[in-house]
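Asker: Pasting a structure here, questions to come.
What follows draws every value from the coordinates through simple rules; no lab data is involved. All values reported here derive from a predicted model rather than from experimental measurement. Virtual Cβ from ideal backbone geometry, glycine too; neighbours counted across all protein chains shown.
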Amino acid sequence: MSLSFILAWLAVMFPLVFSPGPANIVFAACGAHMGVKRSLPLMVGIDLMFLIKSLIIGFGLGAILQEYPQFYALIRSVGACYLFYLAFNFFRPLFNPDLSAPKPLGFKDGLIIQLLNAKGWIMVFLMFSLFGSQSEDTTGRVLWLVVMLAVLNISTHITWIAGGALLLKRLTGEMGQKMQAVLFGGSLIVVAIWLLLG
């Protein structure tokens, strides 16, 4: 794997991985709501599902799934519904002050979020279509790309969680909690609408 290949890969993949999407918005919200340490099970769930997705697509299922564009439409719709559900949970305490804050998201939630993350599926397909078929050692190339993506994902996700946790220190008290609910619940709604329109 040459340095020029890695730089080209980073030039394409870093903006895609780091940009706001369903998982990154949820990471920031969880970092703000629970702090870094308590957000790690969610991150493990999301990144494990991302790893599984990458291996499945890299080793050939991607070609099969590309034959069925309705798969993407289904993932987008179900994923958007799940994001609306998460957003609703952020907003609930605003409408009913007797309710506690939304339950912490954990490992299982991470698996579901990433499974239904249409942006994640498209990003992995794009990566393998651009960088996956330039070598005779297909298995080696797939594994390298999967490892590189996993490292980029983990470092990006920790950054989003830490950014949310930093926000937690700034937005304290009842007013801060309300601002967090509006910011993160609203962000999830925007991403869900983007998924439905995309």
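Asker: In Å, what Rg and Dmax follow from the Cα atoms of the range 3-197?
Answerer: Using the Cα atoms of the range 3-197, the pair Rg, Dmax is 17.5, 61 Å.
Asker: Still on this structure: Which value at 222 nm does the chain reach when only helices count, each DSSP H run of 4 or more adding -39,500 (n - 2.57), with the total divided by all residues and rounded to the nearest 500 deg cm²/dmol?
Answerer: One gets -28500 deg cm²/dmol as the mean residue ellipticity at 222 nm.
Asker: In whole angstrom, and with the biggest value first, how far do the Cα coordinates of the range 1-50 range along each principal axis?
Answerer: Rounded to whole Å, the extents work out to 40, 19, 17 Å.
Asker: Taking R0 as 22 Å, what FRET efficiency do you get between V44 and F18 from their Cβ-Cβ distance, rounded to the nearest 0.05?
Answerer: Values: r = 19 Å, r/R0 = 0.88.
Calculated transfer efficiency: 0.70.
Asker: Compute, for the range 3-197, the length of the dipole vector about the Cα centre, with Cβ point charges of +1 (Lys, Arg) and -1 (Asp, Glu) only. Units Debye, rounded to 20.
Answerer: Details: 12 positive and 7 negative charges, 105 e Å.
The calculation lands at about 500 debye.
Asker: OK, next. Distance in nm between label sites at L10 and M175, each 7 Å beyond Cα in the beta-carbon direction?
Answerer: Roughly 4.2 nm, to one decimal.
Asker: So what is the relative contact order of the chain, in percent, for Cα pairs below 8 Å that sit 6 or more residues apart?
Answerer: Values: 223 pairs, mean separation 88.3, N = 198.
Value for the chain: 45 percent.
Asker: What's the extension gain from A162 to S129 if we count 0.36 nm per residue and subtract their Cα-Cα distance?
Answerer: Full-extension gain reported as 8.7 nm.
Asker: Pulled fully out, how much extra length does the chain show between V147 and Y68, if you take 0.36 nm times their separation in residues and subtract their Cα-Cα distance?
Answerer: Stretched out fully, the V147 to Y68 stretch lengthens by 25.7 nm.
Asker: In nanometres, what is the gap between the two model label sites at V78 and F95, each 7 Å from Cα along Cα-to-Cβ?
Answerer: 2.6 nm
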